[in-house]
Amino acid sequence: MAAITQHLRHLFLLVTKDTLCHFLRSLDTARSFWQDGPVFPGLLSFESSTMQSITPQQIRSSFVNASRSEAAKLTLPKDFDSLDWDSLDFLGWRDEKMPLRGYLVVPDPKGLTGILLRAPEGGARKNRSVLCELCRDVFSKEDVLLWVARRAGPSGRNGNTVGTLICADFLCCGNVRKEPPANEINPDPVAVVLRQLDGLKERTAQFVSRVQAK
């Protein structure tokens, strides 16, 4: 009996030693992996769930609150052909020919949702005293406008609208990617940016839902 117990103890030590060595090798591999950089592009970058390149036709056919005529007449962003899609969570811009008209094109798992927006006639006040409801960037000095969208479907045709405060030139995606200085409250700037990205996507999706609500 004693011999069997000793044999089992020896076997346990061998298994434990082998398991420990395997764990240490895995740990060393993982450490080297992260120090050298992940082999999967975008795995830890802010662009892992960003917008894909889209065509003018996809944009024009995505609108849920605009007529075919309004969608056909829109003017694409002047830098459309050179857009950095990896830095965008949605495409937003003001119509160069109709400055009081703006557009949001938001991707989701089901496809694209385009929203036609209108700005107030008076524009923004000179003293920026309100936050954009999408990016909520407290450091931005850009103007913020109350953009109003006609609701989708019969509700919109009956004159119902929804509005929200958005950066006048739709710079939200760039604003949330700015790393703040590290401090005691937020020691990790990268974590702050990730939270800002999540917040932007969540609030944008909520606004889209309000436009589509029946």
Filtering the range 53-63 for residues that are open to solvent by 50 Å² or more (accessible area, probe 1.4 Å) and either touching a strand residue (DSSP E or B) at 6+ places or on another chain (Cβ under 9 Å) or not polar (S, T, N, Q) (or both) leaves a count of 3
Considering residues that are of a type in the set (F, W, Y) and at pLDDT below 95, the number found within the range 62-96 is 0
Going through the range 72-104 in order, the residues found to be open to solvent by 30 Å² or more (accessible area, probe 1.4 Å), in a helix (DSSP H, G or I) and touching a residue at least 24 places away in the same chain (Cβ under 8 Å) are W85, D86, S87
Counting only helices (runs of 4 or more DSSP H) wholly inside the range 116-214, the ones holding at least 3 residues that are small (G, A, S) and either more than 17 Å from the chain's Cα centre (by Cα) or surrounded by 15 or more Cβ atoms within 10 Å (Cβ to Cβ) (or both) are 153-157
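Okay, residues lined up against (1) at pLDDT 95 or above; (2) not hydrophobic (A, V, I, L, M, F, W, C):
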| position | (1), (2) |
| --- | --- |
| V130 | no, no |
| C135 | yes, no |
| F139 | no, no |
| E142 | no, yes |
| W147 | yes, no |
| R157 | no, yes |
| G163 | yes, yes |
| C172 | yes, no |
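The values are calculated or read from the model by the stated rules, or taken from the named source; none is laboratory data. Keep in mind that what you see is a predicted model, and the values were worked out from it rather than measured. Don't worry about glycine lacking a Cβ; one is built from the backbone with ideal geometry, like all the others, and counts go over all protein chains shown. SASA here: full protein model, heavy atoms, side chains in, ligands and nucleic acids out. Shrake-Rupley method; radii C 1.70, N 1.55, O 1.52, S 1.80 Å.
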